[in-house]
1. Output the number of the condition that TYR100 fails; it satisfies all remaining conditions of (1) surrounded by 13 or more Cβ atoms within 10 Å (Cβ to Cβ); (2) touching a Ser or Thr at 6+ places or on another chain (Cβ under 7 Å); (3) of a type in the set (Ser, Thr, Tyr).
2. Of all the residues that make up the stretch 116-162, how many are not charged (D, E, K, R) and not in a loop (DSSP other than H, G, I, E, B)?
3. For residues in the stretch 115-155 being of a type in the set (A, V, I, L, M) and crowded, with 16+ Cβ neighbours inside 10 Å, which is nearest to the chain's Cα centre (by Cα)?
Amino acid sequence: MNLGRLLASSVLAATLGLAACSSDDSTDGGSNSDAGGDRDGSAPADGAPADAARPADAAVPADAALPDAQPSPDAAVADCGRIKCDCTFNGMPLFGQVQYVTDFPDFQVSESAFPDLRVREGSFADSCGEWEIVTSFPDFTVEIVTSFEDFSIEYSDFPGIP
């Protein structure tokens, strides 16, 4: 759970708990007697059972939306075949500057009629499946193989995840 969300939930729960205590203290006129029930929380002053639910005592669900809640950074991204639907593989985006290599590639790919990714080679590679071929300083490297690939590609005019 996100630390900020945990902290906000704790603060909210503590606030609700304090509101419940302050309303119970005013029921007996401020005296310290235990006439209305035990003040340690085992029985309320109004004679209701100790396990009776009160709105102020209601627990805040763990997935409650908080005003400053952000998506968890470890939120799972759906798979679209071998590639994630956000056009990444092993956390690396599959667009940008690419260099074809024969040794120590980032990804091994094969060409296929039923690809995991459609690729268009060209310049200004800024969306899924667009590769700009370079000879130095690539974003990632690729080796074309015939078997045991990480994912398959097809060269196309319509790049992206099929």
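Nothing in this text is a laboratory measurement; each read-out follows from the coordinates by a stated rule. Because the structure is a prediction, the values reported are computed rather than measured. Please note: Cβ atoms are built from the backbone with ideal geometry, for glycine as well, and neighbour counts cover all protein chains shown.
1. (2)
2. Total satisfying the criteria: 13.
3. LEU117
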